[in-house]
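The values are calculated or read from the model by the stated rules, or taken from the named source; none is laboratory data. Bear in mind the structure is a predicted one, so any value in this text is a computation, not a measurement. Quick reminder, even Gly has a Cβ in these numbers, built from the backbone with ideal geometry, and neighbours come from all protein chains shown.
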Amino acid sequence: MKLKDSKIAILATNGFEKSELFEPLDALKKEGAEVHVVSPESGSIKSWDNKDWGESVTVDLTIDNANPADYDSLVLPGGVINPDLLRINDDAIAFIRSFFKRSKPVAAICHAPWLLISADVIENRNVTSYKSIKDDVVNAGAHWEDKEVVVDQGLVTSRNPNDLPAFISKIIEETLEGKHKGQTVDA
């Protein structure tokens, strides 16, 4: 129960990679965190699983009802559809930026670094991503590394679902570190 008294947001919409949302959600809850799925849509959102639509997850809060100040960290699952839809949503981008303004940990996997690019928070950062968006990440000014997990000042990135164990471990570590440093307290 390392994350007892921690509150974590997972920002997603329809088309999120199934394992990249459900595995962190389950693992973080098992560690005692209160985890909210935040989305532009209310009700539920549907995953993408291999080559077709998969399991749905219940949305806890819509973006307009979620306050980033209430959370200790943010998780951004990938998939292709999910970040592509979110990166053109001004509220989603503002939500992401607010975690960086407060120096709170943010974890992005697979294609989710597209969101970091759109939020203009990736320049001069060491990151990784799904290999097909490497050029996007590099062109946005980041330093791309081919590793299962890269951490840069509270920013956790991973390449794909195979990296989930390392990704989840670092989310937990960075959330605890952020709380220890008092980064989750608003000034």
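Checking residue 179 against (1) modelled with pLDDT of 95 or more; (2) within 25 Å of residue 33 (Cβ to Cβ), which test does it fail?
Condition (1) is where residue 179 drops out.
What number of residues within the stretch 53-84 satisfy the criterion of being touching a Ser or Thr at 6+ places or on another chain (Cβ under 7 Å), among the charged types (D, E, K, R) and within 20 Å of residue 160 (Cα to Cα)?
Of the residues in that region, 1 qualify.
So is residue 157 surrounded by fewer than 22 Cβ atoms within 10 Å (Cβ to Cβ) and of a type in the set (S, T, N, Q) or not? Can you show your working first?
Working: surrounded by fewer than 22 Cβ atoms within 10 Å (Cβ to Cβ): no; of a type in the set (S, T, N, Q): yes.
Here the answer is no, as residue 157 does not meet what is asked.
Residues that are of a type in the set (Val, Ile, Thr) and touching a helix residue (DSSP H, G or I) at 6+ places or on another chain (Cβ under 8 Å): which helices (runs of 4 or more DSSP H) entirely in the stretch 102-187 hold 3 or more of them?
On the way: elements: 113-118, 134-139, 164-181.
Per the criteria, 164-181.
Residues in the stretch 1-54 that are in a strand (DSSP E or B), within 24 Å of residue 91 (Cα to Cα) and of a type in the set (Gly, Ala, Ser): how many? It would help to see each step written out before you state the result.
If we filter the stretch 1-54 for residues that are in a strand (DSSP E or B), which is where we start, we get 7-11, 16-17, 34-39, 44-49, 52-54.
Filter again for within 24 Å of residue 91 (Cα to Cα), leaving 7-11, 16-17, 34-39, 44-48.
When the remaining residues are screened for being of a type in the set (Gly, Ala, Ser), the result is 9, 39, 44, 47.
Counting residues in the stretch 1-54 that are in a strand (DSSP E or B), within 24 Å of residue 91 (Cα to Cα) and of a type in the set (Gly, Ala, Ser) gives 4.
Can you say whether residue 19 is in contact (Cβ under 8 Å) with a residue 40 or more places away in the chain, within 22 Å of residue 132 (Cα to Cα), crowded, with 19+ Cβ neighbours inside 10 Å and among the small types (Gly, Ala, Ser), as far as the supplied structure shows? Working first, answer last.
On the way: in contact (Cβ under 8 Å) with a residue 40 or more places away in the chain: yes; within 22 Å of residue 132 (Cα to Cα): yes; crowded, with 19+ Cβ neighbours inside 10 Å: yes; among the small types (Gly, Ala, Ser): yes.
Answer is yes for this residue.
Please give the number of the condition residue 74 fails out of (1) touching a residue at least 40 places away in the same chain (Cβ under 8 Å); (2) not in a strand (DSSP E or B).
Failing condition for residue 74: (2).
In the stretch 120-136, what count of residues is obtained for those that are crowded, with 16+ Cβ neighbours inside 10 Å and closer than 23 Å to residue 18 by Cα?
Residues meeting the conditions: 6.
So, in the stretch 26-47, how many residues would count as being closer than 19 Å to residue 169 by Cα, in contact (Cβ under 8 Å) with a residue 12 or more places away in the chain and of a type in the set (Asp, Glu)?
The total comes to 2.
Out of all the residues in the stretch 1-59, which are polar (S, T, N, Q) and out of contact with any helix residue (DSSP H, G or I) (no Cβ under 6 Å at 6 or more places or on another chain)?
Let us first name the residues in the stretch 1-59 that are polar (S, T, N, Q), namely 6, 13-14, 19, 39, 42, 44, 47, 50, 56, 58.
Scanning the stretch 1-59 gives 14, 39, 42, 44, 50, 56, 58.
Going through 117, 109, 93, 172 one at a time, which residue ends up being surrounded by fewer than 24 Cβ atoms within 10 Å (Cβ to Cβ), within 14 Å of the chain's Cα centre (by Cα) and in contact (Cβ under 8 Å) with a residue 40 or more places away in the chain?
172
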